[in-house]
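Below is one structure; the comments refer to it alone.
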Amino acid sequence: MKSGSASATLGLVALVAIAGPYAVADDSGWYVGANVGQSRAKIADDRITSGLLAGGLSTRSISDDDRDTGYKLFGGYQFNRFFAVEGGYFDLGKFGFTANTVPAGTLNGNIKLKGVNLDLVGLLPITEKFSAFARGGVNYAQAKDSFSGTGAVLVTNPNPSKKDTNYKFGLGLQYAFTESLAMRAEAERYRINDAVGNKGDIDLYSVGLIYRFGAKAPAPVPQAPEPERVAAAPAPEPVAVAPAPPPPPTPAPPPPRRRVTFSADSVFDFDKATLKPAGKQQIDTFAAELRGTDYDFITVTGHTDRIGSPAYNQKLSTRRAEVVKAYLEDSAGIPGSKIRARGADGSDPVTKPGDCKGNKPTKALIACLQPDRRVEVEVTATK
């Protein structure tokens, strides 16, 4: 058996992937999933006819069974928002044909296909939840054929089988319902050896679900308590009083707010929200300087550079601020009610317009925008 040309569905999905605006995808981690859908093959009727003709038989009619249900089970690891490795097991189903011959007889043929695969997956985020992806890799498939004949048709090898390694590729779209659960729709092509000397392609069009391990929703940002409102007392009746003494001297204004800025690259790895050992040392030094002082409030603000979408940068900067807040609570013993964490989406850069040119995340642009990636800790009313 031999399959036909690529379906128009593949081209349509590719167009969506190319046309979508740049955005970000999910964070790194392990995941598992399953897909089910329709598998399609094109039966090579001309080869069947020529094979029967070589045996002295002409073909009166051929009927093909070139559709079936296929599925796959897979697991993978996403290294970052653009790249993952995925492997799994697939079953493409069963295909067959029946040929009627002259002199009178029939030839029946069937093939079952299943195997394992290993793919490299490239992701193109479109929005915070919606992304496109493309895959390419290898499959190791087992083809089991069965042939039977009646009347004038004699089958000499009724059950050939073949195991072989070939390429595979595909395109798809993905939508994340939550941090842990997402849905996929994809089209894939598997190159297959049919066990009787032919190679062809089987297409699988499927939908499925993905479960990501260890995904956590960010903690809500605590809000500063509103001041208590007190009703004003009614004004008393005017009375004659002695001249008022001179007013006391005006108290000195409170000392200015204290702000400490940490470079995000020294506290966190690029595009991550896990404290590095060097970052913990910097925060420990800052916390030690606060001991014995009286302050009203601490505000932790995470900043990103302009690379990526505002939605993703808001999420990353908020997570980083929450991590610093949690470390101040756990290691320095600062009450959580005195700390507020918030994120900025890259809209408050330190660099000036024109300092760093370009929009693609090259090494040069990432290095130029390093001052913008920072965590600011502001202590209010230190005494």
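The values are calculated or read from the model by the stated rules, or taken from the named source; none is laboratory data. Remember, predicted model here, so these are calculated numbers, not experimental data. Positions of Cβ are generated from backbone atoms using ideal geometry, with glycine treated the same way; all protein chains shown enter the neighbour counts.
Residue-by-condition table, conditions (1) at pLDDT below 95; (2) more than 19 Å from the chain's Cα centre (by Cα):
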| position | (1), (2) |
| --- | --- |
| Lys42 | yes, yes |
| Thr59 | yes, yes |
| Tyr71 | no, yes |
| Gly75 | no, no |
| Val85 | no, no |
| Val102 | yes, yes |
| Leu113 | no, yes |
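Give Asp305, Asp296 a once-over and let me know the one that is at pLDDT 80 or above, out of contact with any strand residue (DSSP E or B) (no Cβ under 9 Å at 6 or more places or on another chain) and among the charged types (D, E, K, R).
Answer to the selection: Asp305.
Answer yes or no: is there a residue in the stretch 146-157 that is closer than 30 Å to Lys315 by Cα and either assigned to a strand (DSSP E or B) or of a type in the set (S, T, N, Q) (or both).
Checking the stretch 146-157: not a single residue is closer than 30 Å to Lys315 by Cα and either assigned to a strand (DSSP E or B) or of a type in the set (S, T, N, Q) (or both).
Would you confirm whether or not the stretch 256-279 contains a residue that is acidic (Asp, Glu) and at pLDDT 85 or above?
Taking every residue of the stretch 256-279 in turn, none turns out to be acidic (Asp, Glu) and at pLDDT 85 or above.
Out of the residues in the stretch 89-122 that are surrounded by fewer than 18 Cβ atoms within 10 Å (Cβ to Cβ) and of a type in the set (Gly, Ala, Ser), which is nearest to Ala195 (Cα to Cα)?
Gly105
Looking at (1) crowded, with 16+ Cβ neighbours inside 10 Å; (2) at pLDDT below 95, find the lone condition where Lys216 falls short.
(1)
Residues in the stretch 152-165: is at least one assigned by TED's automatic domain parsing to the domain that holds Lys94 and within 30 Å of Arg212 (Cβ to Cβ)?
There is at least one residue in the stretch 152-165 that is assigned by TED's automatic domain parsing to the domain that holds Lys94 and within 30 Å of Arg212 (Cβ to Cβ).
Only one of (1) without any contact (Cβ under 8 Å) to a residue 60 or more places away in the chain; (2) on the phi > 0 side of the Ramachandran plot fails for Leu328. Which number is that?
(2)
Ala321 versus (1) within 28 Å of Tyr295 (Cα to Cα); (2) of a type in the set (Gly, Ala, Ser); (3) touching a helix residue (DSSP H, G or I) at 6+ places or on another chain (Cβ under 6 Å): which is the lone unmet condition?
(3)
Restricting to the stretch 359-368, name every residue that is part of a loop (DSSP other than H, G, I, E, B) and at pLDDT 80 or above.
Across the stretch 359-368, the qualifying residues are Lys360, Pro361, Thr362.
Residues that are surrounded by fewer than 16 Cβ atoms within 10 Å (Cβ to Cβ) and over 24 Å from the mean Cα position of the chain (by Cα): find the strands (runs of 3 or more DSSP E) completely inside the stretch 255-358 holding 1 or more of those.
The qualifying strands (runs of 3 or more DSSP E) are 258-263, 297-303.
How about the stretch 165-196: which of its residues are modelled with pLDDT of 95 or more and acidic (Asp, Glu)?
Once the filter is applied, which keeps residues that are modelled with pLDDT of 95 or more and acidic (Asp, Glu), the stretch 165-196 yields Glu186, Glu188.
Identify, by number, the condition in (1) surrounded by fewer than 16 Cβ atoms within 10 Å (Cβ to Cβ); (2) under 22 Å from the mean Cα position of the chain (by Cα); (3) not aromatic (Phe, Trp, Tyr) that Thr150 doesn't meet.
(2)
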